[in-house]
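The values are calculated or read from the model by the stated rules, or taken from the named source; none is laboratory data. Please read these numbers as outputs of a predicted model, since none were measured by experiment. No Cβ is skipped: glycine too gets one built from the backbone with ideal geometry, and neighbour counts run over all protein chains shown.
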Amino acid sequence: MLGTNLLKHQSKPERVADQAWEHLTNVVNSAGDSVRHVARDTARSARRTSSHLTGQAGDRVGAVTDEAWQRANRAYDALAGRRPGVPWAWLIGAGLVGAALAWAATTASRAALARAERELPASDRLEYVDVDRADSPIRVDTT
């Protein structure tokens, strides 16, 4: 009851000032909450980004580490006088690719020759005759 009597005795400018003060404190409090939410969201985003970048850096460091170990092992083997192994997989793969290309070239050239032979007129075709045989249609006098 004491509070109600005090409000009734306030003048209008005092009541307006009190209302303005309450409104200002509410706005400041809600702005603080908004800033906290934005800060929390920004922190989450930064945490996700840094986690992603850390993962990428870890992958790169891992790849570099593997390469360094391989090079160190090869250098140690070279200093120990051991020769590197023959890369059989690469050699077999190159051989298979070469065989496939040779087969494709042979097939294509045979098809081109057959097509060219079909397209030649009959008068341009050459016929080979064996003159050394006894039953050859062409006789060669050697005397």
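For first residues located in region 10-33 and at pLDDT 80 or above, partners that are in a helix (DSSP H, G or I) and lie 6+ apart or on another chain with Cβ distances below 9 Å form the pairs Asp18/Leu7. In this entry, Tyr128 is excluded by the filter for residues that are modelled with pLDDT of 85 or more and of a type in the set (Phe, Trp, Tyr).
When region 69-90 is examined, which residues are found to be exposed (fewer than 10 other Cβ atoms within 10 Å of the Cβ) and assigned to a helix (DSSP H, G or I)? Those that are exposed (fewer than 10 other Cβ atoms within 10 Å of the Cβ) and assigned to a helix (DSSP H, G or I): Leu79, Trp88, Ala89, Trp90.
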